[in-house]
1. Among the numbered criteria (1) modelled with pLDDT under 85; (2) surrounded by fewer than 15 Cβ atoms within 10 Å (Cβ to Cβ); (3) more than 29 Å from Pro35 (Cβ to Cβ), which one does Pro139 miss?
2. Which is at pLDDT 80 or above, in contact with a Phe, Trp or Tyr (Cβ under 8 Å, 6 or more places away or on another chain) and part of a helix (DSSP H, G or I), of Leu102, Leu86, Leu41, Leu98?
3. Assess whether Thr31 counts as being in a helix (DSSP H, G or I), within 12 Å of the chain's Cα centre (by Cα) and polar (S, T, N, Q).
4. Would you tally the residues in the stretch 8-28 being exposed (fewer than 13 other Cβ atoms within 10 Å of the Cβ) and under 9 Å from the mean Cα position of the chain (by Cα)?
5. If you go through the stretch 157-166 one residue at a time, how many are in a helix (DSSP H, G or I) and either in contact with a Cys (Cβ under 9 Å, 6 or more places away or on another chain) or at pLDDT below 85 (or both)?
Amino acid sequence: MRFFMPRVWRCFSTLRNISDAEGEHILNRATQLMPASAEWLPAAAASALALAFILGSVAARSQLLPLAGPLDPAAESLVVALWFVLGASAIFFASWFLFNTLVMLVAIARDLRRLCCPKCRHPLQGLRVIFSRVDVQVPGDARVRCPECGRTWVLLEIGVSPADLVPFEQREVPRDLGRVRRQPRM
């Protein structure tokens, strides 16, 4: 089960008008291309912040409890235990959510940079793919020419497929896709 995740692809101007399904697809592809260390980074950062909260609370305990007035020892230990548990849990989940969103933003930004010219960083999306053979399309044969610097790139060398270069606006699925098309009876 996945927790609530914001639609982080809406932060990028090129991805603002795509459907939620396409955005989820882009997010899934971007997270698959992330390094493995990025998966545990949000939990590690959230744990470190929760631990810092607990250590800071222990240090501040002697200063804050006398301000609350006289408490019996059982009530004081209950207040301290609830403060640690609730505070550390709230900080852990809030910071996990924040760091997880940040990791997803970085992953999508890296995936979008992959679709740019390696030399001048001009976006290659929407450009015509050039094949030198007319009859057979070999994966290593697909090329694209950057309009900014004029360099011709082999798509396989820069890690891009011809399907990646189709603009997001043109990737819509026809409404009748998957429906049974029946021939009219005569």
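1. Against the list (1) modelled with pLDDT under 85; (2) surrounded by fewer than 15 Cβ atoms within 10 Å (Cβ to Cβ); (3) more than 29 Å from Pro35 (Cβ to Cβ), Pro139 comes up short only on (3).
2. Testing whether each residue is at pLDDT 80 or above, in contact with a Phe, Trp or Tyr (Cβ under 8 Å, 6 or more places away or on another chain) and part of a helix (DSSP H, G or I) leaves just Leu41.
3. Yes; evaluated as a whole, the condition is true for this residue.
4. Residues that pass the stated criteria total 1.
5. Total satisfying the criteria: 5.
To keep it simple, each residue is scored yes or no on (1) without any contact (Cβ under 8 Å) to a residue 12 or more places away in the chain; (2) over 29 Å from Val8 (Cα atoms).
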{"site": "Ala90", "(1), (2)": "yes, no"}
{"site": "Asn100", "(1), (2)": "no, no"}
{"site": "Val103", "(1), (2)": "no, no"}
{"site": "Leu112", "(1), (2)": "no, no"}
{"site": "Cys117", "(1), (2)": "no, no"}
{"site": "Leu124", "(1), (2)": "no, no"}
{"site": "Cys149", "(1), (2)": "no, yes"}
{"site": "Leu155", "(1), (2)": "no, no"}
{"site": "Pro162", "(1), (2)": "no, no"}
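The values are calculated or read from the model by the stated rules, or taken from the named source; none is laboratory data. Note that the coordinates shown come from a computational prediction; the quantities given were computed from them, not determined experimentally. Note that we place each Cβ from the backbone using ideal geometry, even for glycine, and neighbour counts take in every protein chain shown.
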